[in-house]
Amino acid sequence: MKFLIDFFPIALFFGAYKMADIYTATAVLMAATVVQTALIYKLDGKLQTMHKITLVLVLGFGALTLGLHDERFIKWKPTLLYTGLAVALAIAHWAMKKNFLQMMLGQQLQLPGRVWHRLNIAWMLYCLFMAAINAYVASYFSTEDWVNFKVWGYVFPLVFIVAQGVYVARHLPKDQ
C-alpha cells in the first residue's frame with residue numbers, strides 16, 4: 001500500500017505527459033503530491049521531513065515551471081532534492097557527528113554503529129548518484145526522454161532499497 005502511495009504521483013505525471021504535455025503533467029504532479037501528502041498524514045498521523053521537503057519542492061518548482069512556462073524547473077527539482085539530501089547527511093555525519101538514518105530508524109532497527117555508518121555513507125553516495133544522473137538526463141536529453149527516465153529510473157531506488165535490505169538483514173539481531 002505504501003509503495004502505491006509513493007508511486008502514484010509519478011505515474012499520474014507520466015500519464016498526463018503522454019496525454020497532454022509537460023505543463024499539464026506538472027500541474028497533475030503538484031495536485032497528486034498534495035493528495036499523497038494528505039494520505040500519508042492521514043495514515044501515519046504525521047509527516048516525515050522528507051515528505052515536507054518533497055511537497056515544498058514539487059509545489060515551488062512546479063509553480064515556477066507553470067508560471068514561467070519553463071520546463072527546466074521541474075526537470076531540475078530531483079537534482080536539487082537529491083543534492084540537498086546528500087549535503088544534509090554529509091553535514092550531519094561529519095560536522096555534527098550525527099547519523100540521521102540512525103536517529104530516524106534506530107527505534108525500529110538495532111544495528112551496530114559501523115553498519116549505521118556504512119548505511120549513511122551509502123545513502124549519501126546514492127543521493128549524489130541520483131542527482132548526477134538526473135542532471136545528466138535533464139541537460140542532454142529531450143523532455144520526452146527525461147519523463148521516460150523518471151518512470152523507468154525507478155529501478156535505481158528499487159535496486160538500492162533491496163540491496164540495503166539484504167545488507168541490513170545480515171546485521172539484525174536474531175530476535176528482530
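The values are calculated or read from the model by the stated rules, or taken from the named source; none is laboratory data. For clarity, every value in this text was computed on a predicted model and none was experimentally measured. Here the Cβ is made from the backbone with ideal geometry for all residues, glycine too, and neighbour counts use every protein chain on show. We work out accessible area using only protein heavy atoms, side chains counted, and drop any ligands, DNA or RNA first. Shrake-Rupley method; radii C 1.70, N 1.55, O 1.52, S 1.80 Å.
Considering only segment 11-31, state which residues are assigned to a helix (DSSP H, G or I) and farther than 15 Å from F61 by Cα.
Looking only at segment 11-31, we keep the residues that are assigned to a helix (DSSP H, G or I), and these are 11-19, 22-31.
Selection gives A11, L12, F14, G15, A16, Y17, K18, M19.
Going by the conditions given, is A95 in contact with a Pro (Cβ under 9 Å, 6 or more places away or on another chain) and small (G, A, S)? Spelling it out, it is not the case that A95 is in contact with a Pro (Cβ under 9 Å, 6 or more places away or on another chain) and small (G, A, S).
State yes or no: is V34 open to solvent by 60 Å² or more (accessible area, probe 1.4 Å), β-branched (V, I, T) and either in a helix (DSSP H, G or I) or out of contact with any strand residue (DSSP E or B) (no Cβ under 7 Å at 6 or more places or on another chain) (or both)? Break it down into steps so the answer makes sense when it comes.
Working: open to solvent by 60 Å² or more (accessible area, probe 1.4 Å): yes; β-branched (V, I, T): yes; either in a helix (DSSP H, G or I) or out of contact with any strand residue (DSSP E or B) (no Cβ under 7 Å at 6 or more places or on another chain) (or both): yes.
So V34 fits the description; yes.
Of all residues in segment 45-56, those satisfying the criterion of being under 11 Å from the mean Cα position of the chain (by Cα) and surrounded by fewer than 18 Cβ atoms within 10 Å (Cβ to Cβ) are M50, H51, I53.
Which ones in segment 131-176 are part of a helix (DSSP H, G or I), of a type in the set (S, T, Y) and either open to solvent by less than 40 Å² (accessible area, probe 1.4 Å) or modelled with pLDDT under 95 (or both)?
We begin by selecting, within segment 131-176, every residue part of a helix (DSSP H, G or I); these are 131-140, 143-152, 155-171.
Right, trim to of a type in the set (S, T, Y) and you get 136, 139-140, 143, 167.
Within segment 131-176, T143, Y167 qualify.
Filtering segment 70-108 to residues that are closer than 17 Å to A138 by Cβ and open to solvent by 70 Å² or more (accessible area, probe 1.4 Å) leaves R72, W76, L80.
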